[in-house]
Amino acid sequence: MLKKMNLTKRQKWEAGLTWFRLRYLEPPTRCLNLLSRSAACGRIALYYLPGEVVSELYLGLPETHTRLLRRMAADFGFSLKPKPQEVEIPAAQRMTAVTALPWDSAFIAHIANEFAFVSLVGGDRSHDHGQYLPQPPSTGPGRGPATWQMPDNPPPGLTLKPSWDSQPPSAYLVATEPDPRRWPLGQSSTGVPLHISGRVNIYGRGEAVADWLVHQVTRLVTVNPANLVVIDGAGDLVPRLKRKAAVTRLLGKQLIYVDMDGDSLTGGFNPLAAAPGETTAETVERWQWWFEGMGVSPQGIHLLALARQDGAGDIPALQKWLKLAGWKGRQTAVSSLSMTLNRLTADRNLREWLEWPANRFENLPEGALFFSCKNTGWDRRQLLRMALRGAMQVEGVRLVIHGFPWDMVDLTYQKQIIVSNGPLLPGGTVVLAECHAQGAAVLAGRFLNGDVALQEKLELLQSGEGLVVIEEGVVLAGFSRGGPTLQLKKNGQMRDSTTILDKWKV
């Protein structure tokens with residue numbers, strides 16, 4: 001079959017393949033055979049690279065059939081991740097028909113209409129497994145051409161089920177009772193509740209990090225919402241938190257909720273409002289820091305103290321005060337400050353928020369503040385800056401910072417803070433959430449000493465799970481226990497493998 005193919009055509013077909021890394025719980029042999037039929041792809045490719053610790057298996061097929069592959073992966077319960085750019089698929093040499101794939105060697109295989117053809121990487125032909133001449137498919141009941149199989153007990157790298165260290169975690173991580181002064185980490189692999197204090201960095205794919213933070217913040221407000229501030233510059237954390245029952249019951253009571261990009265009616269926000277416990281001098285200093293970061297001239301910065309003395313305490317009041325000050329020989333200073341304010345209020349949506357100057361810090365420290373403003377432009381970045389700086393003025397504040405323009409603020413001296421995908425905090429704890437292969441390689445090189453086994457576990461993390469990196473080693477922690485299951489759920493119904501095979505007309 002394949003021997004009759006023109007080599008140039010085969011090479012052209014190989015060059016057009018889209019490759020995915022494949023992992024599974026149950027061998028997806030039947031699924032791959034279905035894909036290889038003429039009614040589907042007609043032919044697919046496999047690349048297997050055995051490793052001393054972690055092996056790798058890649059599946060290649062024409063781009064036109066990737067949507068079909070993803071649907072089948074969801075039904076048959078195996079994992080697909082795009083092939084990392086640094087992984088190069090070798091060109092297949094002369095291919096041999098086989099009855100079994102050589103899982104003890106590196107190989108390229110083509111599966112065509114359920115028949116397997118192999119080219120060993122490196123040219124070693126001593127591992128040919130059952131060279132034979134392909135025969136037409138049998139019409140007998142329960143019989144077909146395929147005799148090759150995926151490994152029933154897949155090695156690390158092919159399996160979706162990681163093996164976690166069952167040793168008990170360090171004593172200082174164990175949460176014997178809820179403690180609002182510590183950050184909850186969920187449970188260990190053995191079900192022990194965990195927590196940590198101080199500074200925490202969370203790294204991983206944006207959606208996975210947000211999932212982790214949703215679980216974590218929900219636990220925090222359940223224990224004690226006081227003095228908790230969540231600043232969301234990505235817009236994918238705070239709106240999701242609002243849908244949690246533990247958060248909803250606090251709205252308007254112990255929790256102030258601000259979403260400057262939400263669909264609800266415009267609220268109000270006064271970035272110039274005094275933070276709890278802040279003196280007038282400290283408020284003016286914060287104003288000056290903010291406007292200096294927005295490029296206002298030193299003369300304009302000097303006007304802020306005078307404006308505060310005259311009672312200007314919000315953006316509309318400051319704009320009115322500047323119009324009066326312009327008649328008093330301060331045109332140059334007024335111009336610099338006015339131009340910045342005009343730029344800040346150019347967006348109609350933000351201008352409406354600033355025109356209703358509500359003090360969003362007043363609920364602190366007894367309550368909590370959730371503040372969301374998507375980091376999509378200069379004006380929004382400035383409001384994020386000021387919201388965070390105002391929260392940092394509150395003594396004993398617990399900060400959760402997500403999707404922030406990190407070059408705009410110094411977090412070095414914050415004692416209780418969680419930062420997602422931001423600068424590494426001194427003396428802090430690192431949590432690694434699920435991420436794509438390229439990100440996992442970077443994080444493993446930075447925090448896991450390049451350990452390939454730990455990198456593999458990092459790639460297998462699921463929603464709400466993370467690796468906590470401490471001096472003693474690495475601990476699995478998570479808010480959701482249990483991994484992929486052999487049963488698959490769709491539209492609220494549990495379906496077994498028979499139903500799936502019926503769907504694909506096997």
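Computed from the coordinates by the stated procedures, all read-outs in this text should not be read as laboratory data. Owing to the predicted nature of the structure, the values given are computational and were not obtained by experimental measurement. FYI the Cβ positions are ideal-geometry reconstructions off the backbone, even for glycines, and counts take in every protein chain you see.
Binning the alpha carbon pair distances of region 280-355 at 5 angstrom intervals from zero yields the distribution 3, 16, 29, 28, 18, 6, 1, expressed in whole percent. Geometric descriptor of the chain, per residue, is 187 Å³ (volume of the convex hull of the Cα atoms). Evaluate E = 1/(1 + (r/R0)^6) for E52 and R243, where r is the Cβ-Cβ distance and R0 equals 45 Å; express this FRET efficiency to the nearest 0.05. Calculated transfer efficiency: 0.45.
What FRET efficiency would be calculated for the residue pair A91, T18, taking the C-beta separation as r and a Förster radius of 25 Å, to the nearest 0.05?
After rounding, the FRET efficiency stands at 0.90.
The modelled label-to-label distance between W356 and Q462, using points 7 Å beyond Cα along the C-beta direction, is 4.2 nm.
A Förster radius of 35 Å, combined with the Cβ-Cβ distance separating Q331 from D407, puts the computed FRET efficiency at roughly 0.60. Per residue, the chain reaches -9000 deg cm²/dmol at 222 nm when only DSSP H runs of four or more residues are counted, each adding -39500 (n - 2.57).
Taking the DSSP bridge list for the chain and keeping only pairs wholly inside it, about 65 percent are antiparallel. Each of the chymotrypsin sites (Phe, Trp or Tyr not before Pro) that DSSP puts in a loop and that has at most 16 other Cβ atoms within 10 Å breaks the chain; the longest unbroken stretch is 165-412. In this structure the amide hydrogen of R199, modeled in the peptide plane, comes within under 5 Å of the amide hydrogens of I417, T429, none closer than 5 places in sequence on its chain.
Its Kirkwood hydrodynamic radius, worked out from the mean inverse distance over all distinct Cα pairs, puts region 2-120 at 14.6 Å.
Between the residues G439, V475, V400, the greatest Cα displacement towards the positive end of the dipole of the chain, with unit charges on the Cβ of Lys, Arg, Asp and Glu, is found for G439. When +1 charges are put on Lys and Arg Cβ atoms and -1 charges on Asp and Glu Cβ atoms, the dipole computed for the chain relative to its Cα centre reaches about 1600 debye.
Spin-label model, N449/S38: points 7 Å from Cα along the beta carbon direction are separated by 5.7 nm. Counting 0.36 nm for each residue step from T376 to S79 and taking away their Cα separation leaves a gain of 103.6 nm.
Length gained on full extension, T64 to A317, computed as 0.36 nm times the residue gap minus the Cα-Cα distance: 85.1 nm.
Only Cα pairs under 8 Å and 6+ residues apart enter the sum, and on that basis the relative contact order of the chain stands at 18 percent. Contact order, relative form, for region 189-290: 18 percent (alpha carbon pairs under 8 Å, 6 or more residues apart, mean separation divided by residue count).
For the pair E472 and L324, label points projected 7 Å from Cα toward Cβ lie 6.4 nm apart. For region 280-355, the relative contact order comes to 34 percent (Cα pairs under 8 Å, sequence separation of at least 6).
The residue among F78, I301, P178 whose Cα reaches farthest toward the positive pole of the charge dipole of the chain, with charges on the beta-carbon of Lys, Arg, Asp and Glu, is F78.
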